[in-house]
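K.L.:
Please find one structure pasted underneath; my questions will follow.
The values are calculated or read from the model by the stated rules, or taken from the named source; none is laboratory data. Bear in mind that the values here come from a model prediction, so they are computed numbers and not experimental data. With ideal geometry, Cβ positions are generated from the backbone for all residues, glycine too; neighbour counts draw on all protein chains shown. Heads up: the accessible areas ignore ligands, DNA and RNA and are worked out on the full protein's heavy atoms, side chains in. Shrake-Rupley method; radii C 1.70, N 1.55, O 1.52, S 1.80 Å.
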Amino acid sequence: MNNELILIVCMLVMLVCGVTAAMSRSMIKSAINLAAVSVALSVLMFVIGATWSAVFELSVCSGLVTVIFISAVSLTESKLDSTTQRALHHSRFAMLPLILILAGVGIIAAIVLNGFDVVSTADITQTEKPFREVFWNLRQADILGQIIVILVGTFAVVILFKERGKKI
Amino acid sequence: MPDQFSMLVYSFLGLPLAALVLFNLFGKRVMTKFYMPVGMGICLVQMLSAIVSLVLLSQYNKDAITFSQFWNYQLYEGASYFSPDTFSFLSLLCIGLVGLVTFLVAYPVLPDRRFQFCNVTLVLLLGMNGIALVYDLFSLYVFMEVTALSAFVLIALYRDAKGLEGSFKYLMMSAIASAFILTGLALIFLNTGSLQYDVVQAYLANWQNGPNPVLTQIGFIMLMSGFSIKAGVAPFHGWLPDAYQSAPAPVSIILGGIVTKMAGVYAIIRLVGEWLPGSSVVNVAFMFLGLLSIVLGAMSAIGSTDFKRVLAFSSISQIGYIVLGISSGSPLGFVGAVFHFFNHSVFKSTLFVNSAAVEMQTKTTLIDKLGGLHKQMPVTGTSNILAFLSTAGIPPLAGFWSKLLIIIAVWQAHGGVVAGVALFASIFTAVYFLMVQRKVFFGPCREEWKDVQEAKFSIRLASVLLSCITVGVGCVFPWILRFLGAQGWI
């Protein structure tokens, strides 16, 4: 499969899952769809050469954030009253697909008119440095950040789930 | 400047990290007893380090202290390293100050959650310190995520329905913002091949001649939209009032005082104020965003019935002033915006400390239920007056000077009408805070509040400390301006 096809598939997955996330009546389904958007975005970033962004998007946004989303939903949903539930179920995003289609057509028109070529742009980012050197030597600040993100994820799980029976 | 001084900046990351690791090795009893005083100590050391670093930068006439990371003390080409400058150290000072005040208030307010609170607050401080220290947009994004995740956990600390709802809204909007920021960064990275500040700055100065100008435009718009959501700038502010209102009192202080500013406003000041001051399109766009935030925030604050919600909407309005100052594109507007960034941290923290004091003593923040508390809580009432006068820009308090600089800069850049709207909205600020002051503190004391006592010592200490800074900075501001003028900054 060539890069352009992967890009198109990823963008389609992102569009469909993104719209589904916004329009779904179930918060859990929305969170899962959002995770799918993150996964597709990670693949897209990897293909266009933004390897570091892809790794972080995959590990944090698709992994950790989704876990926290689903945890928060499972803790919150039972506490919502019937009025809030009805408001959430109301199809206030009915026009969203139409707006997105129009926006998409506009962006594609702008790209075509300006002669933008994705593949040639991706060549700019090709780096000769091996991933190991990039990861350990060039992105030390990000590694520190990742460690702290994992730390806060651990605290989140401990604080939100410990003694659940007593409080919730 | 001697190289040893670069070690000073390690304290901003090393101390909170060391405290986190060491204290989690101890038992719960030790942590409950000593963790918060240690947290306060770390914040004090951070404030001192930031002040010393600011003095050193000025003394040695340097722009920034550049240093590498922990396990390999050398700078690689294209590496993500730390390079804090004057604005970074001012931000670190604000973080230390608001952190200290938060710990002071949390000590009596959260007796049952001290170690959970300390753990996550130290991670939050790490995240914000990282934002101020890094020299790379992707690293900035990483530390923004650290900040957002910690804030989400802190808001939901008590796992009550309101807290969980507020934190969920915050996380949802934050996730959308992150998607925007990450995509924007990827698009800019495609054109630059690096996200280091100097590389992106050089590219943005001449982006029209780059390989894909349309792509750059889309990337920049996405980046700015993401930062605006995180900053709570109107019309991206929907999450902010709920998050501030539903958070436990000490968490509201750190959220309103510094988190929103470090997670969003800091990046806007860097990108628009420092890197794109001459772009008329960007400046006009941010002028509209700033004005919308100022007016919408002020109007919404007038209609609110909850003390903390008024403060949340007031934050949106004051962030609007910072954005408006940046939109002027002039050094005067930039200095005004940076000082309003500092002043807003101080006076908004004071107001949230006071709301925490009221909440702790009366168990409510509903304005209509309160009344006549000034006699019972004179320190809280007086510091509240000073803070709201500073927010409204009344001389000689600190808020007056930063707003004055912003309005002069806006007048020069965008004309009298825009400056007039900003000035008029400032009067609205005075109106809604006078209403709050009258309903909460002035007038006859309600029967149910007759036995209410002044807040605990540590809360009063926080309130007095912040009020002294508000008055003190206001009094010495003319000398600060003279110094900035002598340095050629304005």
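K.L.:
Using only Cα atoms, figure out Rg for chain B and give it as a multiple of 2.2 N^0.38 Å. Don't jump to the answer; show the numbers that get you there.
P.N.:
Numbers: Rg = 21.5 Å, N = 490, 2.2 N^0.38 = 23.2 Å.
Here the Cα radius of gyration is 0.93 times the empirical estimate.
K.L.:
What is the gain in length, in nm to one decimal, between B:Val476 and B:Met435 on full extension, counting 0.36 nm per residue of separation less the C-alpha to C-alpha distance?
P.N.:
Numbers: separation 41, 0.36 × 41 = 14.76 nm, distance 2.98 nm.
So the chain would gain 11.8 nm between B:Val476 and B:Met435.
K.L.:
Kindly state, to the nearest 0.05, the FRET efficiency for B:Asn206 paired with B:Gln487, given R0 = 35 Å and r defined as their beta-carbon distance. Don't jump to the answer; show the numbers that get you there.
P.N.:
Values: r = 28 Å, r/R0 = 0.80.
That gives a FRET efficiency of 0.80.
K.L.:
Pairs of alpha-carbon atoms within less than 8 angstrom and 6+ residues apart define the contacts here; what relative contact order does chain B have, in percent?
P.N.:
Details: 814 pairs, mean separation 63.2, N = 490.
Relative contact order here is 13 percent.
K.L.:
List the residues whose amide H sits under 5 Å from the amide H of B:Asp136, counting only those 5 or more places along or on another chain, with H placed 1.01 Å from N in the peptide plane.
P.N.:
B:Tyr197
K.L.:
Please name whichever of A:Val43, B:Phe87, B:Pro241 sits farthest to the positive end of the charge dipole of the protein assembly as shown, dipole taken about the Cα centre and charges placed at Cβ: Lys and Arg +1, Asp and Glu -1.
P.N.:
Selected residue: B:Pro241.
K.L.:
If all Cα-Cα distances of segment B:448-490 are sorted into 10 Å bins from 0 onward, what percent lands in each bin, rounded to whole numbers?
P.N.:
All Cα pairs considered, the percentages come to 24, 26, 23, 15, 9, 3.
K.L.:
Sorted by accessible area (1.4 Å probe), largest first, how do B:Cys445, B:Cys118 line up? The partial results should precede the final answer.
P.N.:
Values: B:Cys445 35, B:Cys118 0 Å².
The ordering from most to least exposed comes out as B:Cys445, B:Cys118.
K.L.:
On to the next question. Which one, B:Pro378, B:Val346, A:Ser71, projects farthest toward the positive side of the charge dipole computed for the protein assembly as shown from Cβ point charges (K/R +1, D/E -1)?
P.N.:
Sorting the options by dipole projection puts first B:Pro378.
K.L.:
Then there's this: For segment B:289-490, which semi-axes, largest first and in whole Å, follow from the square roots of 5 times the eigenvalues of its Cα gyration tensor? Mind dumping the intermediate values first?
P.N.:
Numbers: eigenvalues 204, 70, 25 Å².
Ellipsoid semi-axes (Å, largest first): 32, 19, 11.
K.L.:
For B:Thr382 and A:Thr20, what is the calculated FRET efficiency with R₀ set at 51 Å and r taken between the beta-carbons, to the nearest 0.05? All intermediate terms of the calculation are to be shown ahead of the outcome.
P.N.:
Values: r = 54 Å, r/R0 = 1.07.
It comes to 0.40.
K.L.:
In nm, give the distance between the simple-model label positions of B:Val45 and B:Glu448, each being 7 Å from the Cα along the Cα-to-Cβ direction.
P.N.:
The two pseudo-label positions are separated by 4.6 nm.
K.L.:
A 26 angstrom limit on the alpha carbon distance is what I want to check against. Which of B:Lys169/B:Lys456; B:Lys348/B:Lys369; B:Lys369/B:Lys456; B:Lys261/B:Lys363; B:Lys261/B:Lys308; B:Lys348/B:Lys439 exceed it? Each step should come with its number before you reach the end.
P.N.:
On the way: B:Lys169/B:Lys456 32 Å; B:Lys348/B:Lys369 23 Å; B:Lys369/B:Lys456 22 Å; B:Lys261/B:Lys363 28 Å; B:Lys261/B:Lys308 18 Å; B:Lys348/B:Lys439 19 Å.
Correct reply: B:Lys169/B:Lys456; B:Lys261/B:Lys363.
K.L.:
For the protein assembly as shown, what is the charge dipole size about the Cα centre, in debye to the nearest 20, if Lys and Arg each add +1 at the Cβ and Asp and Glu each add -1 at the Cβ?
P.N.:
On the way: 38 positive and 29 negative charges, 441 e Å.
The calculated dipole for the protein assembly as shown is roughly 2120 debye.
K.L.:
Dividing the alpha-carbon Rg of the protein assembly as shown by 2.2 N^0.38 Å yields what? Could you put the intermediate results ahead of the total?
P.N.:
On the way: Rg = 24.0 Å, N = 658, 2.2 N^0.38 = 25.9 Å.
Dividing the Cα radius of gyration by 2.2 N^0.38 Å gives 0.93.
K.L.:
Helix by helix, which DSSP H runs in chain B go 20 Å or more along their axis at the Cα atoms and have an average Kyte-Doolittle hydropathy of 1.6 or more?
P.N.:
Long hydrophobic helices here: B:86-109, B:137-155, B:280-302.
K.L.:
Now for a different question. Spin-label point model (7 Å from Cα, Cβ direction): what's the B:Ala285 to B:Lys28 distance in nm?
P.N.:
5.1
K.L.:
Follow-up question, since we're still on this one. With +1 assigned to the C-beta of every Lys and Arg and -1 to the C-beta of every Asp and Glu, and no other charges, what is the dipole magnitude of chain B about the Cα centre in debye, to the nearest 20?
P.N.:
On the way: 26 positive and 19 negative charges, 244 e Å.
In debye, rounded to 20, chain B gives about 1180.
K.L.:
Helix-derived [θ] at 222 nm for the protein assembly as shown: sum -39500 (n - 2.57) over DSSP H runs of at least 4, divide by residue count, nearest 500? Intermediate results must be reported in sequence, preceding the final value.
P.N.:
Details: 26 runs with 464 residues, N = 658.
Calculated from helices alone, the mean residue ellipticity at 222 nm is -24000 deg cm²/dmol.
K.L.:
Hey, for a label at A:Ser59 modelled as a point 7 Å past Cα toward Cβ, could you say which residues of segment A:19-44 have their backbone N under 20 Å away?
P.N.:
A:35-44
K.L.:
Now a separate question. Take the alpha carbon atoms of segment B:185-256, find their center, do the same for segment B:310-335, and report the distance between the two centers in whole angstrom.
P.N.:
16
K.L.:
Given the options B:Ala179, B:Trp449, B:Val105, identify the residue whose Cα lies farthest towards the positive end of the charge dipole of the protein assembly as shown (+1 on Cβ of Lys, Arg; -1 on Cβ of Asp, Glu).
P.N.:
The one lying farthest along the dipole's positive direction is B:Trp449.
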